[in-house]
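Visitor: I'd like to ask you about the structure that follows.
What follows is calculated from the coordinates using simple rules that are stated; it is not laboratory data. No experiment lies behind these values; they were computed from the predicted model shown. Here the Cβ is made from the backbone with ideal geometry for all residues, glycine too, and neighbour counts use every protein chain on show.
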Amino acid sequence: MAEGNRAKTAAAPLVAILSADNEFHEELPALFPAFPQAKDVFFAERPVREGSAAMNAALQAGYFIVGVRAAGLAAGPMTGFDFEGVRKEFLDDDHTPLMVVNIGRPGPDAWYPRSPRLAYEDVITTV
């Protein structure tokens, strides 16, 4: 973990490593029986699979965090860590780490005040 994340990760009751499964396509015939050929049609090449796996895993990570918080726990997602070191220690070459999430009950003064947000007109374009 990055220096600023070490103490809180060491103190967390539970730490989750969320990763992308770069071989997810092997499960498509069972998970997407309407189009069992999707495995070979869309995901035959590893770079294509890695991009799709990362995007979909990031979406699932968001759902994971929302679920942890809905259960009344604190979820502290972090990307400040040695990705290759985490892969070597906890994963295999078929998984790419996305984030580490500390999970537990929030301590006193655990929350920062809400950060400023960009104005609607600065981030939305209507066509």
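Visitor: Taking just the alpha-carbon atoms of region 10-58, what radius of gyration and Dmax come out, in angstrom?
Guide: For region 10-58, the Cα radius of gyration and maximum Cα-Cα distance read 14.1, 46 Å.
Visitor: If I build a Gaussian network model for the chain, linking alpha-carbon pairs within less than 10 angstrom, which residue out of Gly85, Gly107, Gly62 has the largest mean-square fluctuation?
Guide: Result for the chain, Cα springs under 10 Å: Gly107 fluctuates most.
Visitor: Taking H placed 1.01 Å from N in the peptide plane, check which residues at least 5 places from Ala74 or on another chain put their amide H under 5 Å from its amide H.
Guide: Gly104, Arg105
Visitor: How big is D, in µm² s⁻¹, for region 54-127 by Stokes-Einstein at 25 °C and 0.890 mPa s if Rh is the Kirkwood radius over C-alpha pairs?
Guide: Values: Rh = 15.2 Å.
Answer from the Stokes-Einstein relation: 161 µm²/s.
Visitor: Can you give the longest stretch of the chain with no exposed loop site, where a site means trypsin sites (Lys or Arg not before Pro) in a DSSP loop (not H, G, I, E or B) with at most 16 other C-beta atoms within 10 Å? Walk me through the numbers before you get to the answer.
Guide: On the way: sites that count: Arg114, Arg117.
Free of exposed loop sites, the longest segment is 1-113.
Visitor: Taking the Cα centre of the chain as the origin, how large is its charge dipole in debye, to the nearest 20, when only Lys and Arg (+1) and Asp and Glu (-1) carry charge on their Cβ atoms? Walk me through the numbers on the way to the answer.
Guide: Numbers: 11 positive and 17 negative charges, 137 e Å.
Charge dipole, the chain, about its Cα centre: 660 debye, nearest 20.
Visitor: Could you list which residues have their amide H under 5 Å from that of Met99, counting only those 5 or more apart in sequence or on another chain, with H placed in the peptide plane?
Guide: Those qualifying (amide H under 5 Å, at least 5 residues apart or on another chain) are Leu18.
Visitor: For the chain, what number results from the quotient of the Cα radius of gyration and 2.2 N^0.38 Å?
Guide: Scaled against compact globular proteins, the figure is 1.31.
Visitor: Another one. For region 19-32, what does the Karplus curve 6.51 cos²θ - 1.76 cosθ + 1.60, with θ = phi - 60°, yield as ³J(HN,Hα) per residue in whole Hz, taken in order and with x for Gly and Pro?
Guide: So the Karplus estimates, Gly and Pro as x, are 9, 9, 8, 6, 10, 4, 4, 5, 8, 4, x, 7, 7, 10 Hz.
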